[in-house]
Amino acid sequence: MYFGGIEAGGTKFVCAVSDEKFEIIERISIPTTVPDETLKHVFEFFDQYKLKAIGIGSFGPIDVNIDSPTYGYVTSTPKKGWNNYNFVGAIKEKYGIPVAWTTDVNAAAYGEYRLGGAQQAKSCIYLTFGTGIGGGAVLNGAVMEGFGHPEMGHISVRKHPEDSFEGICPYHGDCLEGIAAGPAIEKRLNKKGIEVAKDDPYWDKEAYYIAQALVNYTMILRPEVIILGGGVMKQEHLFQLIRSHFNVLLNNYLTIPDLDSYIVPPALVDNAGIKGSLLLAAEKAI
Ligand code: ADP
Ligand code: ZN
């Protein structure tokens, strides 16, 4: 029995086929262009298999409200061709099989919850710090969504006293995503995040912002594990800086797990999203 998974990112699509044990049999990565062209490659890949169901973890914002007439659509993205695009409809029309549909970060949270670093936990959240900032949550086995899906990146954080950067979110200016996502780092420092030296003083401010966000998520959701992924978190030294700011900001107000096991990188490394999509596909097939 085969399942299909799509991790649909704004830059690239990862598609994979797995067996019922979620071992990946084949995977491809294709650049995200306009929908017709991108899906042509997706279909060429999946056409080779007889799939039971397909799971999609998509970039957003997306409509996940099952009662909405535009359920399954990518909604207000600036990405050419994808605005108000009926993604689930296109897949269903082609294959006529069940399609699971959620955000890329919800899928990644689910992948970590079932097969990764949060397997012993009742809840976890997964955040990505990349081109944008987003978060997904799993609570007692279910991904958190309903009317819509969480938008954990567009929250307010207190500005660092030595940071005068005005932020680049087109909606909110200096929300977390506007000051701390990859493009904000690039704009502020005039070089790509990957080129910023490990000992650059900026990283401490980045950690301060991320830690504030994690304190907020902790207060609101009390997850058992917080997993941090995405391109910016490839700066592994950030983890210790974040934990240390988090500790100061929380100020012992709540009991939380040991910080080294509370704020962690994804155990599935780059496979959290695709594994989560495959798992959600399998659940939809039953
Ligand atoms: P996406 O968000 O498109 O899925 P990524 O998670 O790889 O992709 O995020 C891309 C962003 O992360 C870019 O802004 C890039 O500059 C930044 N980035 C990628 N690698 C690193 C790195 N090693 N250190 C810091 N920033 C990085
Ligand atoms: Zn914003």
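The values are calculated or read from the model by the stated rules, or taken from the named source; none is laboratory data. Because the structure is predicted, anything quoted here is derived from the model rather than measured. Glycine also receives a Cβ, built like all others from the backbone with ideal geometry; neighbour counts cover every protein chain displayed. Accessible surface is based on the protein model in full, side chains and every heavy atom, while ligands, DNA and RNA are left aside. Shrake-Rupley method; radii C 1.70, N 1.55, O 1.52, S 1.80 Å.
Taking D174 as meeting all but one of (1) acidic (D, E); (2) under 15 Å from G231 (Cα atoms); (3) within 14 Å of ligand 2 (Cβ to nearest atom), write down the number of the exception.
(2)
Tell me the residue from E112, E7, E23 that is more than 16 Å from ligand 2 (Cβ to nearest atom) and without any contact (Cβ under 8 Å) to a residue 40 or more places away in the chain, please.
E23
Can you tell me which residues in region 184-196 are within 20 Å of the chain's Cα centre (by Cα) and surrounded by fewer than 16 Cβ atoms within 10 Å (Cβ to Cβ)?
I194 - this is the single residue of region 184-196 that is within 20 Å of the chain's Cα centre (by Cα) and surrounded by fewer than 16 Cβ atoms within 10 Å (Cβ to Cβ).
Which count do you get for residues in region 100-116 that are open to solvent by 40 Å² or more (accessible area, probe 1.4 Å) and hydrophobic (A, V, I, L, M, F, W, C)?
The total comes to 1.
What pairs can you find where one residue is in region 230-259 and more than 23 Å from A181 (Cβ to Cβ), the other is assigned to a loop (DSSP other than H, G, I, E, B) and open to solvent by 30 Å² or more (accessible area, probe 1.4 Å), and their Cβ atoms are less than 8 Å apart, with a gap of 6+ or different chains?
L250/I256; L254/R222; P257/E224
Within region 115-138, how many residues turn out to be β-branched (V, I, T) and within 16 Å of ligand 2 (Cβ to nearest atom)?
3
Take I242 and tell me if it is away from ligand 2 (no atom under 15 Å from the Cβ), aliphatic (A, V, I, L, M) and crowded, with 21+ Cβ neighbours inside 10 Å.
yes
Pick from region 60-78 the residues that are modelled with pLDDT of 95 or more and among the small types (G, A, S): which of them is most open to solvent (accessible area, probe 1.4 Å)?
S68
It is to be established whether one or more residues within region 197-217 are within 16 Å of ligand 1 (Cβ to nearest atom), open to solvent by less than 20 Å² (accessible area, probe 1.4 Å), over 26 Å from Y262 (Cβ atoms) and among the hydrophobic types (A, V, I, L, M, F, W, C).
No - not one qualifying residue is present in region 197-217.
So G57 ticks every box in (1) part of a strand (DSSP E or B); (2) more than 17 Å from P150 (Cα to Cα); (3) among the small types (G, A, S) but one. Which box is left unticked?
So the condition that G57 fails would be (2).
For region 14-56, what are the residues that are under 21 Å from the mean Cα position of the chain (by Cα), open to solvent by 70 Å² or more (accessible area, probe 1.4 Å) and closer than 17 Å to V74 by Cβ?
P31
Does F147 satisfy the condition of being in a loop (DSSP other than H, G, I, E, B), modelled with pLDDT of 95 or more and either closer than 21 Å to D63 by Cβ or within 16 Å of ligand 1 (Cβ to nearest atom) (or both)?
no
Yes or no, residue by residue, for (1) within 22 Å of E283 (Cα to Cα); (2) out of contact with any Asp or Glu (no Cβ under 8 Å at 6 or more places or on another chain); (3) in the same structural domain as R27 (by TED's automatic domain parsing); (4) not acidic (D, E):
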residue: A53; (1), (2), (3), (4): yes, yes, yes, yes
residue: P61; (1), (2), (3), (4): no, no, yes, yes
residue: P69; (1), (2), (3), (4): no, yes, yes, yes
residue: Y73; (1), (2), (3), (4): yes, no, yes, yes
residue: P78; (1), (2), (3), (4): no, yes, yes, yes
residue: G89; (1), (2), (3), (4): yes, yes, yes, yes
residue: Y95; (1), (2), (3), (4): yes, yes, yes, yes
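If the requirement is being hydrophobic (A, V, I, L, M, F, W, C), in contact (Cβ under 8 Å) with a residue 12 or more places away in the chain and under 30 Å from G4 (Cβ atoms), which of these qualifies: A285, A207?
So the residue among A285, A207 that is hydrophobic (A, V, I, L, M, F, W, C), in contact (Cβ under 8 Å) with a residue 12 or more places away in the chain and under 30 Å from G4 (Cβ atoms) is A285.
Quick one: in region 117-139, which of the residues that are of a type in the set (V, I, T) and open to solvent by 20 Å² or more (accessible area, probe 1.4 Å) is farthest from I194 (Cα to Cα)?
In this case the residue turns out to be T128.
State all residues of region 84-99 that are crowded, with 17+ Cβ neighbours inside 10 Å and in contact with a Ser or Thr (Cβ under 7 Å, 6 or more places away or on another chain); if no residue qualifies, say none.
Once the filter is applied, which keeps residues that are crowded, with 17+ Cβ neighbours inside 10 Å and in contact with a Ser or Thr (Cβ under 7 Å, 6 or more places away or on another chain), region 84-99 yields only F87.
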